[in-house]
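Below is one structure, written out as structure tokens, with a few remarks after it.
Nothing in this text is a laboratory measurement; each read-out follows from the coordinates by a stated rule. Note that this is a predicted model, so its numbers are computed, not measured. We place every Cβ from the backbone using ideal geometry, glycine too, and count neighbours over all the protein chains shown.
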Amino acid sequence: MYQGIYITANDRVLDQSTALVNSIRHYDPVVPIILIPYDNVYKETATYLQKYDVSIYANLDLVEELSIAVQRIFGKRFFARPNQFRKQACWFGEFDRFLYIDTDILVFDRIIQTLNYLDQYDFVCADYQHRGGLTNVFDQKIIEDQVFPVDISQQIFNCGFWGSKKGLISKTDLLETFAECAAHPEYFDFSQKVSDQPIINYLILKRIAKRINLVHRSLQPGNWAGSPHFIQQGSVLFDPRSQQPLQYLHWAGIRIEPECPYWQIWQHYRNLSQD
């Protein structure tokens, strides 16, 4: 079973990519990591990350094909950041099992072990997106039209950190789902300029039944940088509410810059490679 981590990046997020990969490598020197280019301006980042044994996604034609399909189906101006859909190349890449991680994340353990849950499930995530209800994913109309059950908000997840298995979603599945969603824009909440998250939630909740969000099992640590109560202990963050160290920290919706939450620990991992 060949498993590994996918990330998406371009040259604008070289520093963020470096911090993320530094954190991954700090806890796991050997896990395979593959970069899916976010756009065509990625070669500086790709070249730099080679020092960490990060390789480039092999089928760049397929990545471009997905980008063209998204624009053809939804139109060029439907999404604020349509290239976020390039991460869907994960389904067709090298790894039999994969973890996808956004570059505005740091990890604090051997994160690939999250995929152990795929022994029993087909999709794994670990976040508290559901606590916001339908916000940034669905409009209430998707419930009113009985597309999903009333309690579907408890199954919503953040698209920055998740894992699954190669081939569970086919290109046909993707294109059919995109077409369904494009036909019903009223079902989705794009009010805060999210892009792929509403559509990918629809895809997973419709087509993959065996799912697990790890935070539903028991009291788990938080993972959003907008939470002010985490305590830094060495090179990790600790959540006093769950009495556990964080598995990862996600700056979702927060610009990573001086004075942002947890800037000091982000700098620590970015500067593990001083060159």
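By counting other Cβ atoms within 10 Å of each Cβ, how are Val21, Val63, Val30, Val236 ranked from fewest to most?
Val30, Val236, Val63, Val21
Which FRET efficiency, nearest 0.05, do Glu186 and Arg217 yield, Cβ-Cβ r, R0 51 Å?
0.90
Rank the residues Leu49, Leu14, Leu214 as a footprinting-exposure proxy: fewest other Cβ atoms within 10 Å of their Cβ go first.
Leu214, Leu14, Leu49
For every helix of n ≥ 4 consecutive DSSP H residues, a contribution of -39,500 (n - 2.57) applies; sum these over the chain, divide by its total residues, and give [θ] at 222 nm rounded to the nearest 500 deg cm²/dmol.
Mean residue ellipticity, 222 nm, calculated: -8000 deg cm²/dmol.
Once you keep just the Cα pairs under 8 angstrom separated by 6 or more residues, what percentage relative contact order results for the chain?
22
What is the set of long-range amide H partners of Leu246 at a cut-off below 5 Å, with H atoms built 1.01 Å from backbone N?
It is Leu237, Phe238, Asp239, by chain and number.
Search the structure for amide H atoms under 5 Å from the amide H of Phe138, placed 1.01 Å from N in the peptide plane, and list their residues when 5 or more places away or on another chain.
Asp189
Taking the number of other C-beta atoms within 10 Å as the exposure measure, put Tyr52, Tyr6 in order starting with the fewest.
With the sparsest Cβ surroundings first, the list reads Tyr52, Tyr6.
Indicate, rounded to the nearest 5 percent, the antiparallel portion of the DSSP beta bridges found entirely in the chain.
Antiparallel: roughly 50 percent of the beta bridges in the chain.
Taking amide hydrogens as modeled 1.01 Å from N in the peptide plane, which residues meet the under 5 Å criterion relative to Ile5, leaving out close sequence neighbours?
Ile33, Ile34, Leu99
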